[in-house]
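Everything below concerns the one structure shown next.
The values are calculated or read from the model by the stated rules, or taken from the named source; none is laboratory data. For clarity, every value in this text was computed on a predicted model and none was experimentally measured. Here the Cβ positions follow ideal geometry from the backbone for every residue, glycine too, while neighbour counts run over all protein chains shown.
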Amino acid sequence: MKSYDILFIHPTRTLQKGRTSPRSLFMFLPMGLFAIADLCEQEGFSTKIINYPLEQALDRNFDLKRCLKQLDFKICGIDLHWINHSHGAIEIAKIVRDVNPNANIVLGGYTATYYHDEILKYYPSIDGIIRGEGEIPFLKYCQSFLQGQSLDSVPNLSYRDSTKHIKINPQTYLAKTLDNLNFTNFSLLQNGSKYITQIKDLMRIPTNLFIGRGCPFNCPYCGGGHNAQLLINKRNKILLRSPEKVIDDLHDIVDTYKADAIFLGHGLYPGTYNYFETLFKLIRQEKFDLGCDSEIWRLPFPQKMWYLYSKTFRHEDSSISICPQTLSVRAQQKIRAICDPTFNFPLNQIQDLIRNANLFRIVLRIWFTIGFPFQNFKDLLTDYLFTLKTAIKHSSMKPNYITVMNDLTHASPASPVFETPDRFKVKLLFKTFRQNLEMFKRTKYRIGGWNAVINYRTAHSSTLAIRIWNNAFNMTELPLFITSSH
C-alpha cells in the first residue's frame, strides 16, 4: 500500500454511471492546485494528485473507491473551484470518508470559498475549507494538523472543530508574488504525462500557461472578475508573474512533457500588451515551436498585436477568441453604466478583428451569449443575422479563419448578476449551494448545450426561449465550425 501525507483529488462534474461525453468530464485542473501540491512536496510532505476525470477517460472502468483502498493518506484536498463540480466534489468526499474515515478532508477554490459556511453546515464529510488563495494557508493547515496543533492560527480557514462547531478564521493571506511557486510539476499527478495530450484531444484545450491572478473587469455572468475577486480572494489588483518565470514553465512543459500548444491563462487587453510583447519576444528568442490559444478581454486589439502573435506562434495550431456577448449597443451601454465602464465591443472593431484574422491567418472565434442581460428579441435577431451573414461569407472560404460560437451560461457565484440580479432585470432561479448541486447532479452535459444548467431568466427570455435560440445559433454556426482551419 502506498502512503502519502496529502492526497489531492480533482472531481468530475457528476458521478453518474454510464456513457458520457468526454468533454463533460471536465478534467481541466485549476493551475493553483499544482502550485499548492508542489509547495507541500517542497516542504517535506509526500504528495499525490489524482485527476478523477482523467482516470475515467483513460479507463472507463476506473473505480475511485478501489483506487483509494490501495492508498494510505492523512489529508485529502479536493478542489471545488468551478460551480459545475459541486456534485462531484461532495460525492468524492463521501467516498473518501467511507474508505479512510480518519483522513481530514479539505475543500478549496472559488465555489468552496463562496459557500464555505453552507457546505460545512450541511455536508459532514467536509472537515475544512481553505478560502481564497490557498498555497500558504493549506500548507499551514497541513503542518498544524499533522503535528497535532491547534488550527486557530491557520489563515483563510473555515473548519468544524472537535465540538462540531464551525469556526471561521480571518482571511488574511493574499499572495504578493507568484514567482516563488511552481505551476507545472505534473510529476505529482497520476498519469501526468498523459494529462497534456488528453486535455487537448478531449477538452480541446491546450496546456494552460499560468500568467497571473486577478482581473480588472466585471463581465455580468463571470465569477472571476474584479468585484468577484475582491469578494472571494480579497484581491483588488492584478498580479502577473515575471516573463522569465513563465519561460521557465514553457521549458518544463515543452522539454519535459512535450506540449505542442499552450493556452494563455490571462487575457489580452490594453493593460497587458506591453507584458505580452515582452513575453512573446522571449518565446521567439527561445525558438519554441508552439500553437497558442488566447482570449481578447477588451478592445481595441491593434494590428501590432496580431503581427506579434502571428510571428510568435504556429498558425495552424493557434486561435484568438473574443466574447462580445452581444452586438447590441444598447445592452452594452447598460452594462457599462451598471458594472463595467470598459464593456465596449463596437461592430466596426469586431470587423477589424475579422480582417486581421484573415490577414495574419489566425483563427478568430467570436462568442455570443444567448440570454445576456437587457438582450431583447431585436438584439437576438441582430446577433443571429450577423452570425448568418458571417457563415454565408466565410464558410465557403478555403481556408476559413472565422468562427462564430455561443454557449449557454450559468450566472456564477459572486458575479455581478448573481450578487445584484435586479439591477440587470434578471431573475435567479436558484442560488444556494445545495440547489446548484442538485441541478448539476440531475443535468447531463451534451454538446450544443440544450441540457446545460441555466440558473436565471431575463426580462425578455425564459430558459426555454434561451435554449431554443441557442440551438438556432448552433445550427447556423455549424458550417463555420466545420470549415475553420482547426
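The table below lists the values:
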quantity	calculated
Val329, sole failed condition from (1) in contact (Cβ under 8 Å) with a residue 40 or more places away in the chain; (2) more than 16 Å from Thr476 (Cβ to Cβ)	(1)
Members of region 69-112 found to be aromatic (Phe, Trp, Tyr) and in a helix (DSSP H, G or I), listed by number	Tyr110
Residues that are touching a Lys or Arg at 6+ places or on another chain (Cβ under 9 Å), assigned to a loop (DSSP other than H, G, I, E, B) and more than 22 Å from Asp407 (Cβ to Cβ), drawn from region 242-271	Ala259, Asp260
Every pair of residues 6+ apart whose Cβ atoms lie under 8 Å, when the first sits in region 111-124 and is in contact (Cβ under 8 Å) with a residue 40 or more places away in the chain while the second is among the charged types (D, E, K, R) and assigned to a helix (DSSP H, G or I)	Glu118/Arg434; Tyr122/Arg434
Residue check, Gln375 crowded, with 16+ Cβ neighbours inside 10 Å and not β-branched (Val, Ile, Thr)	yes
Filter pass, Leu364 being under 30 Å from Asp289 (Cβ atoms) and either outside the structural domain of Leu230 (by TED's automatic domain parsing) or modelled with pLDDT of 95 or more (or both)	yes
Some residue of region 51-64 being in contact with a helix residue (DSSP H, G or I) (Cβ under 8 Å, 6 or more places away or on another chain), surrounded by fewer than 17 Cβ atoms within 10 Å (Cβ to Cβ) and at pLDDT below 95	yes
One residue from Ile95, Ile90, Ile78 being β-branched (Val, Ile, Thr), without any contact (Cβ under 8 Å) to a residue 60 or more places away in the chain and under 20 Å from Lys441 (Cβ atoms)	Ile95
Yes/no for Ser396 being outside any helix (DSSP H, G or I) and either crowded, with 20+ Cβ neighbours inside 10 Å or not assigned by TED's automatic domain parsing to the domain that holds Leu231 (or both)	no
Residues satisfying the stated conditions in region 250-266, i.e. touching a residue at least 40 places away in the same chain (Cβ under 8 Å) and farther than 14 Å from Ile196 by Cα	Leu264, Gly265, His266
Restricting region 232-249 to residues that are more than 18 Å from the chain's Cα centre (by Cα) and touching a residue at least 60 places away in the same chain (Cβ under 8 Å), the residue that is surrounded by the most Cβ atoms within 10 Å (Cβ to Cβ)	Arg241
Residues within region 413-437 that are more than 22 Å from His116 (Cα to Cα) and among the acidic types (Asp, Glu), tallied	1
Verdict on Thr390 being in contact with a Leu (Cβ under 8 Å, 6 or more places away or on another chain), surrounded by 24 or more Cβ atoms within 10 Å (Cβ to Cβ) and more than 20 Å from Phe343 (Cα to Cα)	no
Answer from Lys121, Lys74 - the residue that is modelled with pLDDT of 95 or more and either under 15 Å from Asp161 (Cα atoms) or of a type in the set (Gly, Ala, Ser) (or both)	Lys121
Failed item in (1) in the same structural domain as Arg284 (by TED's automatic domain parsing); (2) within 16 Å of the chain's Cα centre (by Cα); (3) touching a residue at least 24 places away in the same chain (Cβ under 8 Å), with Gln229 passing the rest	(3)
Unmet requirement for Asp179, which otherwise passes all of (1) in a loop (DSSP other than H, G, I, E, B); (2) in contact with a helix residue (DSSP H, G or I) (Cβ under 7 Å, 6 or more places away or on another chain); (3) surrounded by 14 or more Cβ atoms within 10 Å (Cβ to Cβ)	(3)
Pairs with Cβ under 6 Å, 6+ apart, first in region 379-402 and among the aromatic types (Phe, Trp, Tyr), second not in a loop (DSSP other than H, G, I, E, B)	Tyr401/Ala357; Tyr401/Asn358; Tyr401/Val363
Members of region 403-432 found to be part of a loop (DSSP other than H, G, I, E, B) and free of Cβ contacts under 8 Å to residues at least 12 places away in the same chain, listed by number	Thr420
Residue check for Leu347: surrounded by fewer than 14 Cβ atoms within 10 Å (Cβ to Cβ), among the hydrophobic types (A, V, I, L, M, F, W, C) and assigned by TED's automatic domain parsing to the domain that holds Tyr221	yes
Residues of region 197-250 that turn out to be over 16 Å from Pro30 (Cβ atoms), among the polar types (S, T, N, Q) and modelled with pLDDT of 95 or more, as a count	4
